[in-house]
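Worksheet: the structure to be examined is printed underneath.
Nothing in this text is a laboratory measurement; each read-out follows from the coordinates by a stated rule. Everything numeric here is computed off the predicted structure, so don't read it as measured data. FYI the Cβ positions are ideal-geometry reconstructions off the backbone, even for glycines, and counts take in every protein chain you see.
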Amino acid sequence: MEHDINESAAVADESAQPATEISLSSCPGVTAGTPLSKNQLKKQRKHAEQVELRKLRRHKERERRKQKRQEAKAQGLPLNTGPSRKELKRRQLQVAGNQENAISVAIDLNYDELMQERDIAKCVKQCLRIYTINRRAEQPVKLHFTGIKRNGNIHDCFKKNDGWENWHVDYHFDSTHLELFDKQKLVYLTCESDIVLQQLSPGYTYVIGGLVDHNHFKGLCHQRATEAGIQTARLPLSEHVDMKTRSVLSTFHVFELLTRVAAGQDWTQAILGTIPPRKGAKAKNDNAKADSDSPEEKPEETPEHGAVANGDENES
């Protein structure tokens, strides 16, 4: 009897003691997590603010479009000034159904380890703009994003854009253009090439380097292409227009120029429609006419071969 009383008392004492809190950090073999630095916390807050700001901008844009439609409807104006969603989708399906004869453009994103975080963000932003240009192009091309390292920096940056998986783009992870396409029908566009691109050929794939490096790795795209044994070419900028500034084009400008030529525009028209006005581009014929009208003026010196003005140096 006494033994039973002592045992019940011991049980009562154990229940009276406070229970040990069970958490992941209290488990054996678990190392406590390292607290985030001030810089990391600042980046987290900034990213969260950007996400909220993006949602707010989209909401405002939807409200603005809704208001414009209501105003147009009240005034009896057409509600759609551009191609409808149905027409845009039809164009994309037409390209998808004619892949053998379609003109393809591949954005080479196999430069993950060579770009800083801010440059990777710029690179992905240009890819977004390229997708938009192709989606609204009169004659879309078959668009590929190649050389993306799965779960790499560029892949992580793509994930920050809602719905990026649904874009009409062929994503190629851990596979480059060399592994995906016929090398005999590959043309890498670089300003260092001695070959001038005269026309776009159906069935060929034109590669644009997606490297945003601010000329830290100048000539790298051309070097990789020549070492791989594929054709290179440069855009015929100096053959068709004169510019006041260096003829440096970003990745999406090169792509837009190709879509314009694919839609039937000549090179001069396509270049002038693509290049920003700040570059002061003028057609060669216009400049020749201006020189003939002003014989007393000294003609402008022709840049030496190999100068930046003779190429389409890609800053991306």
Expected sort for 142-148, 217-223 on mean C-beta neighbours within 10 Å, highest first, is 142-148, 217-223
Excluding residues fewer than 8 positions from Lys66 in its own chain, the lysines with Cα under 18 Å of it are Lys55
In the structure shown, of Lys160/Lys279; Lys38/Lys279; Lys185/Lys279; Lys38/Lys160, the pairs separated by more than 31 angstrom at the C-alpha atoms are Lys160/Lys279; Lys38/Lys279; Lys185/Lys279
A correct Karplus calculation of ³J(HN,Hα) over segment 186-196, with 6.51 cos²θ - 1.76 cosθ + 1.60, θ = phi - 60°, whole Hz and x for Gly and Pro, returns 10, 10, 8, 8, 9, 6, 7, 5, 8, 9, 8
Given 196-205, 46-55, the highest-first ranking by average Cβ count within 10 Å works out to 196-205, 46-55
Cross-link reach from Lys183 to lysines, straight Cα distance under 24 Å and at least 8 residues apart if same chain, gives Lys142, Lys149, Lys218
Rounded to whole angstrom, the alpha-carbon centroid of segment 240-276 lies from that of segment 105-134 at a distance of 19 Å
If the chain between Tyr171 and His47 were fully extended at 0.36 nm per residue, the gain over the current Cα-Cα distance would be 42.1 nm
As straight-line cross-link partners of Lys73, the qualifying lysines (C-alpha separation under 26 Å, not fewer than 8 residues apart within one chain) are Lys60, Lys86, Lys89
